[in-house]
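The values are calculated or read from the model by the stated rules, or taken from the named source; none is laboratory data. These numbers were taken from a predicted model, which means no experiment stands behind them. Note that we place each Cβ from the backbone using ideal geometry, even for glycine, and neighbour counts take in every protein chain shown. Areas reflect the complete protein model, heavy atoms only, side chains present, ligands, DNA and RNA absent. Shrake-Rupley method; radii C 1.70, N 1.55, O 1.52, S 1.80 Å.
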Amino acid sequence: PGWSFELEDMDFAKSFSVFNSVPSFAPKGKSSLGQSEQFKAFRSTFALRQLAVDLNDGEWRFYDGGPKNTPVLLCLPGACGTAESFYRTMLHLCPKGYRIVAAQHPAYYTINDFVLGMDAFLDALEAPDVHLLGAALGGLLAQQYAIARPKRVASMILCNSFYSNSSFEPAAGTMVTSMYQMTPYFVLKNMLLTSFNNDAAAISASPEVSEAVDFVVEQLNSLSQEHLASRLTLNCSPCQCIGLKMAQENITIMDALDRQARPPEARDELYAHYSNAKQALCRTGGDFPFLSVSDEVCLYIEVHMRRVGVLVNKPQLDTTASAETNGSKVKALFQ
């Protein structure tokens with residue numbers, strides 16, 4: 001109930017290939033990033049929190065770090081990501097005084113449901129407004145939320161994201177999106193894996209990118225069938241970000257210039273609609289630059305946050321008399 005489709009709309013040859021295709025890059029067990037001392041330090045420093053904020057059966061999973069009296073930078077992962085995807089961002093920026101919330105939303109099948117859930121989540125965080133960092137699908141959701149709630153979004157960073165998902169519709173045409181809810185878990189997972197794992201040679205040429213992919217594949221195992229189905233539905237249902245009122249000077253487009261799962265036309269469309277947005281380009285990084293080239297990404301985030309007025313560790317000048325110099329001495333005190 002609630003959905004229908006015509007048999008002639010389906011390409012059965014392509015649908016069969018989805019069920020039987022094998023990713024060219026297979027998971028290799030535990031990832032090196034997942035077993036690293038850095039990730040262990042993250043898990044021991046930041047507590048995983050779960051919060052049910054609406055009538056949806058699911059919960060928001062998130063990590064909240066940094067001073068509570070500073071503006072929130074909310075990080076939203078893509079279709080394959082989890083809240084843990086931004087662990088390096090939190091480890092790098094929270095000690096500097098930024099408040100970073102890495103969040104993973106429950107299963108929402110429509111943009112409207114996501115917006116309402118986001119409202120309740122931000123209310124629970126006691127965040128009247130927020131800065132958003134969205135990766136891939138997370139960037140699309142960030143734009144949609146900024147359109148629906150312009151007063152609650154102060155700025156955006158769009159990482160390997162897209163303005164509309166029209167370029168994904170041919171790839172999704174193997175299956176009607178309303179059928180994702182009924183599709184077995186292993187099929188949905190295979191669809192996600194084949195989206196960014198079909199060039200093993202290119203991935204292996206960059207150890208950092210390879211490690212990032214391994215980590216995301218490992219974290220993907222923690223997502224349920226409902227999570228995968230809802231994300232693929234959002235990613236492949238027709239959607240455009242029309243009506244955004246935010247000044248483009250408050251938008252940063254962060255892109256990796258090497259191979260990505262995002263189609264080139266999706267990247268070109270994003271740049272065409274946000275021609276006045278700031279650009280932060282990484283020479284390499286793949287689909288997950290916040291994992292593979294995290295130092296470079298964190299630097300770009302800091303530049304963005306300072307540009308939109310979020311200043312942390314701002315030096316305060318304290319003038320104290322010095323008997324030896326009969327003058328004044330300026331000390332920079334960092335909070």
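Carbon and sulfur together cover what percent of the accessible area of segment 210-282 at a 1.4 Å probe radius? Result for segment 210-282: 48 percent of the exposed heavy-atom area is carbon or sulfur.
Compared with the direct C-alpha span, the chain from Arg152 to Ala41 gains 36.7 nm at full extension, assuming 0.36 nm per residue.
3J(HN,Hα) along segment 225-242: 4, 5, 4, 5, 5, 5, 5, 5, 5, 5, 6, 10, 6, x, 7, 10, 9, 8 Hz, from the Karplus curve 6.51 cos²θ - 1.76 cosθ + 1.60 with θ = phi - 60°, whole Hz, x for Gly and Pro. In a simple Cβ point-charge model (Lys, Arg +1; Asp, Glu -1; nothing else charged), segment 37-93 has a dipole of about 260 debye relative to its Cα centre.
Note on surface exposure: Lys96, Lys189 rank Lys96, Lys189 by accessible area, highest first, 1.4 Å probe. What is the Rg over Rh value, at two decimals, for segment 97-176, using alpha-carbon atoms and the Kirkwood definition of Rh? With Rh from the inverse mean 1/r over Cα pairs, Rg/Rh is 1.00. Taking the centroid of alpha carbons for each part, segment 54-95 and segment 110-161 are 12 Å apart. Rounded to the nearest whole angstrom, the semi-axes of the ellipsoid equivalent to segment 208-315, taken from the Cα gyration tensor as √(5λ), stand at 26, 21, 15, largest first. Taking a label point 7 Å from the Cα of Ser166 along the Cα→Cβ vector, which residues of segment 234-250 have an amide N closer than 15 Å to it? Residues 237-243 qualify, since their backbone N sits under 15 Å from the label point. Couplings for segment 74-89, taken from phi via the Karplus curve 6.51 cos²θ - 1.76 cosθ + 1.60 with θ = phi - 60°, read 9, 9, 10, x, x, 4, 9, x, 10, 4, 5, 4, 9, 5, 5, 4 Hz in order; Gly and Pro are left as x.
Computed with a 1.4 Å probe on the full set of protein chains, the accessible area for Arg99 sits at about 10 Å².
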